[in-house]
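Everything on this sheet refers to the single structure shown next.
The values are calculated or read from the model by the stated rules, or taken from the named source; none is laboratory data. Bear in mind the structure is a predicted one, so any value in this text is a computation, not a measurement. Heads up, the Cβs are rebuilt from the backbone with ideal geometry, glycines too, and the neighbour counts pull from every protein chain shown.
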Amino acid sequence: MKKQIKNSILGFAVLFGVFSCAPEDWIDYSINNDPDAPSTVPMSLILPAVQQSVAYQLNGNNTVRTTALWMQQFDGVARQSFTETRYQLTPADVNNVFDDIYSEILINCKIIIDQAEGSSPHFSGVAKVLTALSLGVATDLFGDIPYSEALQGSDNLTPAYDSQESIYQTIFSLLDSAISDLSQSDNVFSLAGDLMYDGDVSKWIKAAYSLKARHYIQLSNKSASAYSDAIAAAELGFSDEGDDLALTFDSDDKSPFYQFMDQRGDIVMGGKLYDILYDLPGIFWDPRIDFYFDDFFGAGGSVAGSENADASLPGTFLTAEDATVYLMSLAELHFIKAEANAALGNTAQAITDLENGIVSSMLKAGADYDEVMEDYILDAAFFAQDTSLENIITHKYIDGFGTNQPYADWRRTGFPQLDLAIGAVIPQIPTRFPYPQDELNYNAANVPSVSITDKVWWDE
């Protein structure tokens, strides 16, 4: 049903763009005016369609599969996944990734923001959070991207590219504006149609602050205040297990990875993730194994590029019909605080943050609360009180399974250490996505000239 709604709304959005052109004076458009086919779609109907697109396109579709292959959490054994594991990613391969972010997410967020102006700041605030989230994923994958001149339809078909540095400033500005909007009390239309927080404005505010913390920490190599800024934002972010910015699918509208494995199934679990979980110090059995892997000990993981089709398939955490797609989680926020506090010399707090992150990650994966508390939180040997950057990022890498964050963190920190895939077509792991073929065909004058081995701005 949600899928049908999504398609309908996107169709309405197209109609809205078409019929916004000024008609000829002689047209009497009072004739054949169908009240059941509105040219302006209610925000309460656009919002769930946008949220579903966010879950599909940002963390449930092509982006995560590719980055998880490169981060060796997956290994590709057939078709496109086989070639991407070996770092063969062409401009044509990312057309859908790039186009869908703009045509399904950003343009419809803009429609909500425009409609909400002056009457519904809560809708505007949510749309700004989703815009910032989407821009963050897009710029971290591609680098410079269009925004300030984008989303204008036929008024500008060749928008200029904004620098990644300016996109990051836009992200922070959007999130600050979202927090202001969401804090307003004079909201005409209630936040109906919200699939993520069911209209709970306080949780959207926490999500905005949490996303600020994510992007502050990403600037650790660029900004002297990155760590203190990340902590300040994180303190106002998620505080409970139910705060995660996420969308749960159901048996009617099945999760993206369930659909992918059902239709193609050309990935298996990666050897690096398997080795890390198998060798964690002070622990015999990490409860996330039962949810990440379909067959951990029987099949294990596949070394990157080895094409081991007998390795374990992904487990229910990703592939259940009703799996949850996590856009930002409490666990990630704990790891951000752990890294920042460790870097600032707040060792005791960093240990606490790291422990909290591991426990939250286990609970998020589906582990039993009592089991986690009894078997892990009380086991000091498991946590080992190691606040090195490598240890913190390694645990964040485990938690980030099913998101793009391991790829962002690996480029920024170099952890975990990865070996080149067997059969690699280039001599290093890519450090960005190529720009899409559609942009090279139709906006070539503005597309930056880069290769997939060039670093993005915050990684330089």
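Some values worked out for this structure:
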read-out	value
Enumeration of residues in region 118-158 that are in contact with an Asp or Glu (Cβ under 9 Å, 6 or more places away or on another chain) and surrounded by fewer than 19 Cβ atoms within 10 Å (Cβ to Cβ)	119, 148, 149, 150, 156, 158
So residue 413, is it buried (at least 17 other Cβ atoms within 10 Å of the Cβ), touching a residue at least 24 places away in the same chain (Cβ under 8 Å) and over 17 Å from the mean Cα position of the chain (by Cα)	yes
Candidates 423, 345 - the one that is surrounded by 15 or more Cβ atoms within 10 Å (Cβ to Cβ) and over 20 Å from the mean Cα position of the chain (by Cα)	423
Meets criteria (small (Gly, Ala, Ser), more than 17 Å from residue 69 (Cβ to Cβ) and crowded, with 19+ Cβ neighbours inside 10 Å) for residue 299	no
Selected residue (only one of 428, 385 is assigned to a loop (DSSP other than H, G, I, E, B), touching a residue at least 24 places away in the same chain (Cβ under 8 Å), touching a helix residue (DSSP H, G or I) at 6+ places or on another chain (Cβ under 8 Å) and surrounded by fewer than 19 Cβ atoms within 10 Å (Cβ to Cβ))	385
Only one of 56, 102 that is aromatic (Phe, Trp, Tyr), surrounded by fewer than 20 Cβ atoms within 10 Å (Cβ to Cβ) and within 19 Å of the chain's Cα centre (by Cα)	102
Exclusive hit being free of Cβ contacts under 8 Å to residues at least 12 places away in the same chain, among the hydroxyl-bearing types (Ser, Thr, Tyr) and under 27 Å from residue 459 (Cβ atoms), set 228, 223	223
Matching residues in region 431-449 - criterion: being under 23 Å from the mean Cα position of the chain (by Cα) and assigned to a loop (DSSP other than H, G, I, E, B)	431, 432, 433, 434, 435, 436
Hits in region 273-303 - residues which are under 16 Å from residue 399 (Cβ atoms) and among the aliphatic types (A, V, I, L, M)	273, 276, 277, 280, 283, 289
Residue ranges of helices (runs of 4 or more DSSP H) in region 78-174 with at least 1 members over 22 Å from residue 213 (Cβ atoms), aromatic (Phe, Trp, Tyr) and touching a strand residue (DSSP E or B) at 6+ places or on another chain (Cβ under 8 Å)	79-85
Selection within region 188-229 - farther than 24 Å from residue 240 by Cβ and not in a helix (DSSP H, G or I)	188, 189, 218, 219, 220, 221, 222, 223, 224, 225
Hey, residue 237 at positive phi and touching a residue at least 40 places away in the same chain (Cβ under 8 Å) or not	no
Some residue of region 286-307 being basic (Lys, Arg), part of a helix (DSSP H, G or I) and closer than 26 Å to residue 357 by Cα	no
Some residue of region 261-269 being in contact with a Leu (Cβ under 8 Å, 6 or more places away or on another chain) and either at pLDDT below 90 or surrounded by fewer than 20 Cβ atoms within 10 Å (Cβ to Cβ) (or both)	yes
Positions within region 403-425 being in a helix (DSSP H, G or I) and among the aliphatic types (A, V, I, L, M), in sequence order	408
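Condition check ((1) of a type in the set (Gly, Ala, Ser); (2) over 29 Å from residue 70 (Cα atoms); (3) surrounded by 19 or more Cβ atoms within 10 Å (Cβ to Cβ)) across all residues:
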residue	(1), (2), (3)
205	no, yes, yes
225	yes, yes, no
243	no, yes, yes
272	no, no, yes
279	no, no, no
286	no, no, yes
